[in-house]
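Worksheet for the structure shown next.
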Amino acid sequence: MKIEKLELAGFEAFLAYLNDHLSDNGQGDTAYFQPLPRAESRFPPEKAEAFKYGMQTEIGSPGWRRVWVARDEIGAIAGHIDLRAHPERHAAHRCLLGMGVGRTHRKQGLGGQLIVHAQQWALAAGLRWIDLQVLSANTPAIQLYDRSGFRQTGEIPDMFNIDGLSFNYTSMSLSVSGR
Ligand SMILES: CC(C)(COP(=O)(O)OP(=O)(O)OC[C@H]1O[C@@H](n2cnc3c(N)ncnc32)[C@H](O)[C@@H]1OP(=O)(O)O)[C@@H](O)C(=O)NCCC(=O)NCCS
């Protein structure tokens, strides 16, 4: 599958994909993968401008973000990954990761391919660490991150109470150079 950088021109189509993706949050067999109640599992419209701003912001400047999408044979978005700045100062050598694979494309290795793509980009960009936080109940994601070289750096018990359920929150980090 072709993995390419998301440009601003494709942002509206990306939002439609993302909202469809988020509708799976805690639905049926899918684990909760965002700390959002089922009824609020959509992209907050007020965040769209910050997201677009980040896509146009230089790497190393506050708020930067880059997004890549995997496209199927007809050009529809099958999965995505994004890297963004930490909000803290003096952490410009690190970034935060978010990702997802569309429900009909899972368990085919696409998640692993997206991580390799982002890791190679981060290496070329001079970043040293990729960090993430994941709901501890999200076993498919944690297994994928483990296989991709991420190591657990902590876990906060009972971090979220969502839809009457308690969720732990796991932090993981990947050394971009693999060392
Ligand atoms: C977590 C997620 C991104 C994983 O994506 P994915 O593309 O299914 O990941 P992969 O295919 O690389 O690996 C997943 C599984 O498929 C298996 N797999 C990989 N390639 C395969 C292949 N060619 N044939 C069969 N199985 C394969 C892997 O071994 C793995 O199995 P395991 O979990 O039993 O070890 C996806 O499930 C998802 O989007 N979930 C909802 C959103 C989410 O959780 N996002 C992360 C929030 S932090």
The chain - mean residue ellipticity at 222 nm from DSSP helices (-39,500 (n - 2.57) per run, n ≥ 4, rounded to 500): -7500 deg cm²/dmol
Keeping all protein chains in position, work out how much accessible area TRP129 exposes to a 1.4 Å probe, and write it in Å² to the nearest 10. 90
Determine the share of the chain's accessible area contributed by carbon and sulfur atoms, expressed in whole percent, with a 1.4 angstrom probe. 51
Apply the membrane-span-like helix rule to the chain: whole DSSP H runs, Cα extent along the own long axis of at least 27 Å, mean Kyte-Doolittle hydropathy at least -1.0. List the helices found. none
Among 72-83, 9-20, how do they line up by average Cβ neighbours within 10 Å per residue, starting with the highest? 72-83, 9-20
Name the residue from PHE150, ALA13, GLY102 whose Cα lies farthest towards the positive end of the charge dipole of the chain, charges +1 on Cβ of Lys and Arg and -1 on Cβ of Asp and Glu. PHE150
Counting only protein heavy atoms and rolling a 1.4 Å probe, one gets per residue an accessible area for the chain in Å² of 56
Residue farthest toward the positive end of the dipole of the chain, with Cβ of Lys/Arg at +1 and Asp/Glu at -1: which of GLN34, VAL116, TRP68? VAL116
On a 1.4 Å probe surface of the protein chains, which of LYS5, LYS52, LYS47, LYS107 comes out largest in accessible area, and what is the full order? LYS107, LYS47, LYS5, LYS52
With eigenvalues of the C-alpha gyration tensor scaled by 5 and rooted, the chain, Å: 22, 21, 17
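The values are calculated or read from the model by the stated rules, or taken from the named source; none is laboratory data. Model, not experiment: these values are computed from the prediction. No Cβ is skipped: glycine too gets one built from the backbone with ideal geometry, and neighbour counts run over all protein chains shown. Just so you know, the surface numbers come from the protein's heavy atoms only, side chains and all, with ligands and any DNA or RNA stripped out. Shrake-Rupley method; radii C 1.70, N 1.55, O 1.52, S 1.80 Å.
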